[in-house]
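Comments concern the structure below.
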Amino acid sequence: MTTFTFKKDEKLCSQKIIGDLFLKGSSFLCYPLKVVWKAEPLPFPVPLQVVFSVPKRLFKRAHDRNLLKRRLREAYRYHKHELNELLTAHKQQVALMIVYIAKEELTFAQIDEAMIKMIDKFKKNETLTN
């Protein structure tokens, strides 16, 4: 049975790994999301750790950024099992950063649709499956 939880172990908090993502990570765009990822050993025994970001220069008010991050986390939570199955099958661990790049506030349905497209694009990535 698939569980739709988002536990503390699955949240990327390591400043070192996040900095490494910016320096050496691969990225792709799936509007309104930019995804930066890197396959590397993680401090917890999970296949995937993720962090969400909404830039302050696009959304000045904290409650707007928090609302969008909440929507991103919720959409991710519903669809993360697909990525977990893929990474578990290939015995890989991946650090993932999802950045919201749209200039306007989108609805949950639009963000959820973008998350599905992002996961499909991530699953098709040939370097991940090697």
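Shape summary: the chain maps onto an equivalent ellipsoid whose semi-axes, from the alpha-carbon gyration tensor, are 23, 16, 14 Å in decreasing order. Bridges between two residues of the chain, per DSSP, are antiparallel at a rate of about 65%. Each stretch of four or more DSSP H residues adds -39500 (n - 2.57); spread over every residue of the chain, this sum gives -14000 deg cm²/dmol at 222 nm. Angle between the Cα long axis of helix 62-89 and the longest principal axis of the chain, 0 to 90 degrees, nearest 10? With both axes taken from Cα atoms, the answer is about 20 degrees.
With a Förster radius of 22 Å applied to the C-beta separation of Glu40 and Thr5, the computed FRET efficiency comes to 0.40.
Readers should treat all values here as calculations from the given coordinates under stated rules, not as data from a laboratory. Because the structure is a prediction, the values reported are computed rather than measured. Backbone-built Cβ (ideal geometry, glycine too); neighbour counts: all protein chains shown.
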